[in-house]
Every structure is written in C-alpha cells, then in structure tokens.
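Have a look at the structure below, then the notes.
Values quoted throughout were computed directly from the atomic coordinates according to the rules given, and no laboratory measurement underlies them. Everything numeric in this text was worked out from a predicted model, so none of it was measured. So basically every Cβ, Gly included, is an ideal-geometry build from the backbone, and we count neighbours across all protein chains shown.
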Amino acid sequence: MEQDTTKQMFLEVLARAKQKFEFELDNFVIMGNHFHLIIQPLGDTSLSKIMKWILQTFAIRYNRANGLWGHFWGDRHYSWIIPTLQDFLRTFTYLDENPVRAGLAKHIFDWKWGAIGLRRTGRAAWLGQPPTWLLAIFPSHKPSS
C-alpha cells in the first residue's frame, strides 16, 4: 500500500479515537515507520486503553486492505511522562522538526502528516483548537481560518 494512503488511514484512526476516547492530542507526527504523539488522557481514560485501540484498529484496517494479518508497528508503544514545561517544549519542537531532520521535508510546514501541517491547511477539525498558551509559544500551529 502506498505510504500516503497508509498515513491517511492512520489519521482516520486517530480522528475516530478522538471521538471514542477523552484525550488531548497536543502534537503528533506520522513518519515512514513510526509515529509520535503528545497525548493527555482525560477523565477515566487510560493511555494504555487509547493506544491499544489505536494500534489494534489501525492494524485491522491496514491488514484488511492489504490481505495481511498481525501487528503493523513492530513493538508495543513506548510512553513516558513529560515532567516539565521545558521537556514539553523540547518534545513538541522535536515532533515538528522530525520530518525535516529525517530529510522527508525541507520545512516543517511542508510535512502534511503531522499536527502542524493539518492545522495550517484546515484539514484537522477533529484535532481541535490548541490551547491559547500553546499558540502563544507555537503560533505556527494556528489553524487556518
């Protein structure tokens, strides 16, 4: 399956997860063989439950479309708490710059498979409006009008 089609399928699964579970998705980027999410579960929702559903649902959809079976991503997801604002800002920036560092895009705005690209093109109503404080620090994430 073509990579853009696979990434689009993953975006659709993320959008469905936002409808199904209560969580904030502050930033994300989908790369060729992995993805990064900055996610904050809300209410009684656990990160494990959200990630299990995302990974399982995506694998089922991908496998069904390609006549395959099994896991899509190699390993179980890795997660850690971002303990400080400085760590959050560094992580947030890392996600935006990852495609440029990997040589997949010339500029962070060129990569359409992450929060910054989706917000700027208006293709992410499901992603929601970033909090005002986040836009003050990262105005490049301002959704297009």
Placing +1 at every Lys and Arg Cβ and -1 at every Asp and Glu Cβ, with all other atoms neutral, what dipole size does the chain have around its Cα centre, in debye to the nearest 20?
280
Using alpha carbons only, how many degrees (0 to 90, rounded to 10) separate the axis of helix 3-20 from the longest principal axis of the chain?
80
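What FRET efficiency do you get for residue 5 and residue 94 if R0 is 30 Å and r is their Cβ-Cβ distance, rounded to the nearest 0.05? Walk me through the numbers before you get to the answer.
Working: r = 26 Å, r/R0 = 0.87.
Working from the Cβ atoms, E equals 0.70.
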Please give the peptides 4-11, 115-122 ranked by average Cβ packing (other Cβ atoms within 10 Å per residue), highest first, as a rough proxy for protection.
115-122, 4-11
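Quote to one decimal, in nm, the extra length available between residue 52 and residue 126 on full extension: 0.36 nm per residue of separation minus the C-alpha distance between them.
Values: separation 74, 0.36 × 74 = 26.64 nm, distance 1.99 nm.
My answer for the length gained is 24.6 nm.
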Find which of 143, 59, 40 sits farthest along the positive direction of the dipole of the chain, computed with +1 on the beta-carbon of Lys and Arg, -1 on that of Asp and Glu, about the Cα centre.
59
The list (i) 14.3, 46; (ii) 13.2, 40; (iii) 15.0, 46 gives values of Rg and Dmax of the Cα atoms in Å, and only one came from this structure; which label was calculated from it?
(iii)
Let me have the 222 nm mean residue ellipticity of the chain computed from DSSP H runs of 4+ only, each contributing -39500 (n - 2.57), with the sum over all residues rounded to the nearest 500.
-15000 deg cm²/dmol
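If I take every Cα pair under 8 Å that is 6 or more residues apart in the chain, average their sequence separation and divide by the length, what percent do I get for the relative contact order?
Numbers: 143 pairs, mean separation 30.9, N = 145.
That works out to 21 percent.
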